[in-house]
Amino acid sequence: MANPHFGKLADVWKHVALAEVVELERPRRYAETHAGSAAYPIVHDAEREFGILRFLKVAAGSDLLARSRYNAVTAFWLNDRGLYPGSALQVMTILGDDSSYLLCDMDPESAADLQYWGRELNLSRCEVAQTDGMAAVAAWLGQHADQPGLVHIDPFDPDARGPAGYSALDLAVRVAESGTPLVYWYGYEESSDQAWAYARLTSRTRTPLWCGDVLVTGTSGTPGDLGIATTPGTGFGVILANVHAGTADACTTLGNALAEAYADVVFSDGSRGSLNFTTRSNGQAV
Ligand SMILES: C[S@@+](CC[C@H](N)C(=O)[O-])C[C@H]1O[C@@H](n2cnc3c(N)ncnc32)[C@H](O)[C@@H]1O
């Protein structure tokens, strides 16, 4: 398994937004550049206690989070099988056979897991590509442009160029300018980098973008660390392009509900903190 970060808070926000976008946009084609494994046996440690396990507890007391598609999908997999569903399984659970799938991951174990769950769910059009996701999705983008699709880019390294010459950010610009719905995830470890990917993408394309950014704040004094995910100064966000205004609004509502549900939490080291959720659109923080 090449993704040790499943189920941490950074995954929670990514998947809350992704599941809602997919539910509302209902794409007939879905492509993901860095799909990871489909499912992960749940781990009970401090990061998951702060991430997915806390989310499920606070969602029970929040109408908005309880109604989110993420809550339903994740509770189903965790309660039923003890598995955390990664992004691809979130989407496959929501869309089922109404969509075709291109799921890319260079890691053989992740690719095998994606193939296994595509078969288990009886998906008739699920292609798993054990190859560079930027090259494969760039080629996919040019095919069947008449059928609405959605691209999810969740990069390890946003600037690394693969064999087709595209970095994740290059591909995000291309997807945004093609008119195809886009979900792009980014992370950072210093509060001064808040919404950095939004700034970089808006400098490269005039396509309207929406950005929902979560910054972990607190008093512990330790530096941010995306690998740990709950240290103050750590942050992560989701950028959307080419989705309906109501879809971005739904993500804004969920981001605010998430921040409210995590107000004044206690981190594993005993210090207190909270989540600072901000949105940006067309260059303006809103
Ligand atoms: C953070 S994980 C993906 C998590 C997943 N998107 C989710 O949200 O559940 C990143 C994955 O990217 C894969 N990866 C790294 N470089 C890649 C590339 N150039 N093309 C495709 N996959 C890549 C790794 O093997 C790893 O499984």
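The values are calculated or read from the model by the stated rules, or taken from the named source; none is laboratory data. Worth saying up front: this structure is predicted, and the values here are computed from it rather than measured. A quick note on method: Cβ atoms are made from the backbone with ideal geometry, for glycine too, and the neighbour counts reach across all protein chains shown.
Scanning the range 252-268 for residues that are in contact (Cβ under 8 Å) with a residue 40 or more places away in the chain and among the β-branched types (Val, Ile, Thr) yields THR252, THR253, VAL265.
Across the range 80-103, not a single residue is classified as surrounded by fewer than 18 Cβ atoms within 10 Å (Cβ to Cβ), within 12 Å of the ligand (Cβ to nearest atom) and at pLDDT 95 or above.
Scan the range 201-216 for residues that are in a helix (DSSP H, G or I) and in contact (Cβ under 8 Å) with a residue 60 or more places away in the chain and the total you get is 1. With respect to being in contact (Cβ under 8 Å) with a residue 40 or more places away in the chain, hydrophobic (A, V, I, L, M, F, W, C), more than 17 Å from LEU275 (Cβ to Cβ) and buried (at least 24 other Cβ atoms within 10 Å of the Cβ), ALA10 falls outside the description.
When restricted to residues that are in a helix (DSSP H, G or I), surrounded by 21 or more Cβ atoms within 10 Å (Cβ to Cβ) and within 16 Å of the ligand (Cβ to nearest atom), the range 170-200 contains 4.
Scoring ALA60 on the criteria (1) within 25 Å of LEU95 (Cβ to Cβ); (2) hydrophobic (A, V, I, L, M, F, W, C); (3) surrounded by fewer than 17 Cβ atoms within 10 Å (Cβ to Cβ); (4) more than 14 Å from the ligand (Cβ to nearest atom) leaves a single failure, condition (1).
In this entry, VAL16 passes the filter for residues that are closer than 14 Å to HIS152 by Cα, β-branched (Val, Ile, Thr), out of contact with any strand residue (DSSP E or B) (no Cβ under 8 Å at 6 or more places or on another chain) and more than 9 Å from the ligand (Cβ to nearest atom).
A single member of ASP225, ASP249 is part of a loop (DSSP other than H, G, I, E, B) and without any contact (Cβ under 8 Å) to a residue 60 or more places away in the chain, and it is ASP225.
For the range 142-153, indicate whether the set of residues that are in contact with a Gly (Cβ under 9 Å, 6 or more places away or on another chain) and within 16 Å of the ligand (Cβ to nearest atom) is non-empty. Yes, that holds for at least one residue. Of all residues in the range 139-170, those satisfying the criterion of being touching a residue at least 40 places away in the same chain (Cβ under 8 Å) and over 16 Å from the mean Cα position of the chain (by Cα) are TRP140, LEU141, HIS144, GLN147, PRO148, GLY149.
Close contacts from the range 66-94, counting a first residue that is more than 15 Å from GLU23 (Cβ to Cβ) and a second that is among the β-branched types (Val, Ile, Thr), with Cβ to Cβ under 7 Å and a gap of 6+ residues or different chains, come to LEU78/ILE42; GLY82/ILE42; LEU83/ILE42; TYR84/ILE42; TYR84/ILE52.
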